[in-house]
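> Structure provided below as structure tokens; questions to follow.
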Amino acid sequence: MIPLGFFQVLVILVNLILIQLRIGESLAIPLISEPKRIHGVLAEKHTFIHLNGRERRDVQCQVGHYLHPNGTHCCIKCHKGTYLSKHCSGPDKAPTCSVCPEGTYMPTENYSQKCFACQPCRTSFQQIIKFHCTKWENTLCGCDSNQYKTTRNAEFFCKNCSDCHNGKIRKDCTPDSDTICECHRGFFLKEDQNKCLPCSSCDKEDCKERCGTEMVKSPSNSTEVISVLSFLTIILAVGFLALTFKAIKKYFPERLNFSSCTSGQQSKKQLASKTADKTKNSLLDIKEEMISATMQVPPLSQAQGQELPDCIKSARETRISDSPVVLYAVMNAVPVLRWKEFMRYLGLSENTIDRIFLDHQHRRDAQYETLKEWRLLANHDATMERISQVLSKMDLSGCIEDIQEALAKQ
């Protein structure tokens, strides 16, 4: 006999089965996604199967689109530099996309809900920033100039390029590889350090094979090289000194001995008085001879009280001649290193001296022009007495004697 509640339970089970079948017809579950070409455009085919096992329909998305999570339509992907904020509301419509925030980037079209974080450069590895991170491109890290990367991944170190000391460069350093060195004779390459070391420090079999017999000969060879270089250095130094002395003798022959222009054991006042008197008498004799020869003026002793012309004055008041002989006599007597000081004491301004020296490349030409300029500006004050006073003040009283002797030889 069947219980009374059995039929009620059976009716409830049947109703539950029918409800489940109805819900399954309204839901679709994606199983397969495969590419398919539609009118020459590559699209994605999404197949949906009901829970009851029957295929319902296919949704195809073109390139640049993606399938909505509900599986009902396709949405346009977000551009690079942006990310998906909200899905589209209908087929082939654009979703809501937002710009990547600071410190993030997105390099391609996407429907990702966040951007990638920018990669920082590691200064502890000596990395530097080649290009900063942008909305659509990650940070580009690299090494400084004359450095290379130890590895090709992001965790690379930057090391200085080898300079191939004691060798030559066979291949230059690149951003991704170190210099390739070729060692000189008598040296071997220590590969872990990329350095050329002397064969005398070789203690392993691999370097002994490279050095060979040079391991014994290298010390003597280096000694011979040092001896030859030292000998050549001495020869070059002697030759340079000889050329320098020759040049000084050619352009500054009067400066090889400076002792004649300085007052030694005599006092400044006595020597200045003595040389000034000699200069005055010598110049007076020369002036009288020139006047008597050219103008046929009677000697001073026969003038019998007749007044001398204005052009005949004593050596103390006679303006020096602009003859090159007189000017060069003064130039040759005064030391070169004190010439500008000498001209300043004579009264020539610093600006005038500098201008003349800038206009003339050779020092002696500049000296000659400064002396001529002083004679022109000083006019009647450009006398030998003035020169004697300046040389005495500069402690160069002996130079007056040099000038006197030079003029006497002419």
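The values are calculated or read from the model by the stated rules, or taken from the named source; none is laboratory data. It should be emphasised that the depicted structure is a prediction, and the values quoted were computed from it without experimental measurement. As a convention, Cβ positions derive from the backbone with ideal geometry for all residues, glycine included, and neighbour counts pool all protein chains shown. Accessible surface areas use protein heavy atoms only, side chains included; no ligands, DNA or RNA. Shrake-Rupley method; radii C 1.70, N 1.55, O 1.52, S 1.80 Å.
> Please give the FRET efficiency for Asp359 paired with Leu236, using the beta carbon to beta carbon distance and R0 = 41 Å, rounded to the nearest 0.05.
Computed FRET efficiency for Asp359 and Leu236: 0.70.
> Just for the Cα atoms in the stretch 318-408, what are the lengths along the principal axes, largest first, rounded to whole Å?
Cα extents, longest axis first: 32, 26, 24 Å.
> Would you pull out the residues with amide H under 5 Å of Thr104's amide H, same chain only if 5 or more places away, H placed 1.01 Å from N?
Here Cys118 satisfy the definition.
> Name the residues whose placed amide hydrogens come within less than 5 Å of the amide hydrogen of Cys141, ignoring near sequence neighbours (fewer than 5 apart) on the same chain.
Lys130
> Compute, for Leu16, the solvent-accessible surface of its heavy atoms (probe 1.4 Å) with the complete set of protein chains present, and express it in square angstrom to the nearest 10.
In the full protein context, Leu16 sits at about 100 Å².
> With every protein chain in place, what's the accessible area of Glu385 (1.4 Å probe, Å², nearest 10)?
Estimated to the nearest 10 Å², Glu385 gives 50 Å².
> For an R0 of 56 angstrom, estimate the FRET efficiency from the Cβ-Cβ distance between Asn146 and Tyr328 and round to the nearest 0.05.
The computed FRET efficiency comes out at 0.45.
> Whole percent per 5 Å bin, from 0 to the bin with the longest distance: what is P(r) over all C-alpha pairs of the stretch 144-210?
4, 19, 24, 20, 14, 11, 7, 2, 0
> Something else about it: Please check which bits of the stretch 61-77 a label hung off Ser89 would reach, taking the label as a point 7 Å along Cα-to-C-beta and the cut-off as backbone N under 13 Å.
none
> Let me cross-check Phe116: its accessible surface, 1.4 Å probe, with only protein heavy atoms counted, in Å² to the nearest 10?
100
> At 7 Å along the Cα-to-beta-carbon direction for both Lys204 and Val228, put a label point, then send me their distance in nm to one decimal.
Using points 7 Å along Cα→Cβ, the separation is 3.2 nm.
> Which value, in Å², gives the accessible area per residue of the stretch 62-142 when a 1.4 Å probe is used on the protein heavy atoms?
Ligands and nucleic acids excluded, the result is 63 Å² per residue.
> Starting from 0.36 nm per residue, how many nanometres of slack lie between Arg122 and Thr108 once their C-alpha separation is accounted for?
Result for the pair: 2.5 nm of gain on full extension.
> Would you kindly derive the ³J(HN,Hα) couplings of the stretch 186-195 from the backbone phi angles with the Karplus curve 6.51 cos²θ - 1.76 cosθ + 1.60 (θ = phi - 60°), listing them in order in whole Hz, with x for Gly and Pro?
x, 10, 10, 8, 8, 5, 5, 10, 6, 10
> OK, next. Could you pull out every residue, at least 5 positions away or on a different chain, whose amide H is within less than 5 Å of the one on Thr82? Hs are placed 1.01 Å off N in the peptide plane, and Pro or chain starts have none.
For Thr82, whose amide H was placed from the backbone, the distant partners under 5 Å are Cys100.
> In sequence order, what are the phi-derived ³J(HN,Hα) couplings for the stretch 104-109 according to the Karplus relation 6.51 cos²θ - 1.76 cosθ + 1.60 with θ = phi - 60°, rounded to whole Hz, with x for glycine and proline?
My calculation for the stretch 104-109 gives 10, 8, 9, x, 9, 5 Hz in order.
> Compute the length gained on full extension between Ile12 and Asn153: take 0.36 nm times their separation in residues and subtract their Cα-Cα distance, giving the result in nm to one decimal.
Gain on stretching Ile12 to Asn153: 44.2 nm.
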